[in-house]
Amino acid sequence: MSERISGIFTPNITPVDASGRMDEDKLCGYVDWLIDRGVDGLYPNGSTGEFVRFTAAERRRIAQVVIEQAAGRVPVMAGAAEANARETIEACEAYGAMGARAVAIVAPYYYRLSSEGVYAYFREIADNVSVDVTLYNIPLFASPIDVSTVIRLASDCPRIVGIKDSSGDLPNMMRMISAIRPMRDDFSFLTGWDASLVPMLIVGCDGGTNATSGVVPELTRAIHRSVQAGNIDDAMKMQYQLLPLFDALIGLGEFPEGFRAGARSRGWDLGPGRVPITPAQRESIRSTQRQIDALVNDAPWIGPDQTMSPETIEGIVGRVLRQLGS
């Protein structure tokens, strides 16, 4: 039985240069920066990485660069969602051969499938790959994976080892955990909704794939470790610090432009992304950038040198990290 996937995995932004090409050098530097600041894993080709805006060949290269640069320092869970089951299986095998710990697969998008169709889709993939699979439930963009289907897949498919759920639905997460954990101790539950990170961890999630960890990896790590240590009051104080930042990042422009703005606040200009924007949107981004800069740079967990400050609110972040010895 494999060890559960756990901790905070960063769904990293894909840097692009002025010509719109993936910037490999900047991606390597960003990977190092995230690892140095304590992320537990990396998640290339996720929604924050704008996987649908890159070609299949580009997605392969993005994953390869991240896996090679991580060099075993942290595990990599590669997004392997393609337009159909056959191409998804091919992507899964490619990422497994590169050294990915697991792949994450979104339910079919564009065409809304029934629950039975979603089950058949994931069953087809799970029966034909040699790498561990995590389900990715993001009903905003793709066919939802309902609780009964997750339970059924966990029961029938040993190759499916977890779920990343970005619905923010706490009761449904609890229903999944209560049904699946007794029969599959190796099954991981990861939340992708930053606004409810602490509540999700408290009810039993193993970690998260949180876009804010690409901006404030120190804080999301400290939240996870604080819940692990049973310091719920501290964790909730940090959650309330994370919430306004998440709201600002998620609400800016065309997703994930806000998270690119957040990265700029930490000194990382990762490019403009691949979705065209109007002059009015560009001006809105410039204006909101100042607000995001203030939220990030005036925050108590970030020092003037863009590293974690020991002078946190009530010493929360630093104390948690010292207590856990990491």
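DSSP finds beta bridges in the chain, and of those with both partners inside it, around 10 percent are antiparallel.
Fully extended, how many nm does the chain gain between ASP36 and SER287 (0.36 nm per residue separation, minus their Cα-Cα distance)? Can you show the working numbers first?
Details: separation 251, 0.36 × 251 = 90.36 nm, distance 3.04 nm.
Between ASP36 and SER287, full extension yields 87.3 nm more.
Contact order normalised by length for the chain, with contacts defined as Cα pairs under 8 Å and 6 or more residues apart; what percent is it? Could the numbers behind the result be given before it?
Numbers: 585 pairs, mean separation 54.3, N = 326.
Contact order relative to length: 17 percent.
Note on segment 7-232: Cα-only Rg and Dmax are 16.4, 51 Å. With both labels modelled 7 Å from their Cα along Cα-to-Cβ, the GLN228 to ASP25 distance reads 3.6 nm. Pop a pseudo-label 7 angstrom from the Cα along the beta-carbon direction at both ASP185 and SER2 and give the gap in nm to one decimal. Taking the simple label geometry, ASP185 and SER2 are separated by 1.8 nm.
So how much slack lies between ASN128 and ASN84, counting 0.36 nm per residue of separation and subtracting their Cα-Cα distance, in nm?
Details: separation 44, 0.36 × 44 = 15.84 nm, distance 1.37 nm.
So the chain would gain 14.5 nm between ASN128 and ASN84.
Once fully extended, how much extra length lies between SER114 and ASP247, figured as 0.36 nm per residue of separation less the alpha-carbon to alpha-carbon distance? Answer, rounded to one decimal: 44.7 nm. When the Cα positions of ALA120, ALA78, SER19 are compared along the charge dipole of the chain, ALA120 comes out farthest toward the positive end, with charges on each C-beta of Lys, Arg, Asp and Glu. Measure out, as a whole number of angstrom, how far apart the alpha-carbon centroids of segment 257-297 and segment 17-60 sit. Here the two parts' Cα centres lie 17 Å apart.
Read-outs: derived from the displayed coordinates by stated rules, not from any lab. Just so it is clear, the model here is predicted, and its values are computed rather than measured. Note that each Cβ is placed from the backbone with ideal geometry, even for glycine, and that neighbours are counted across all protein chains shown.
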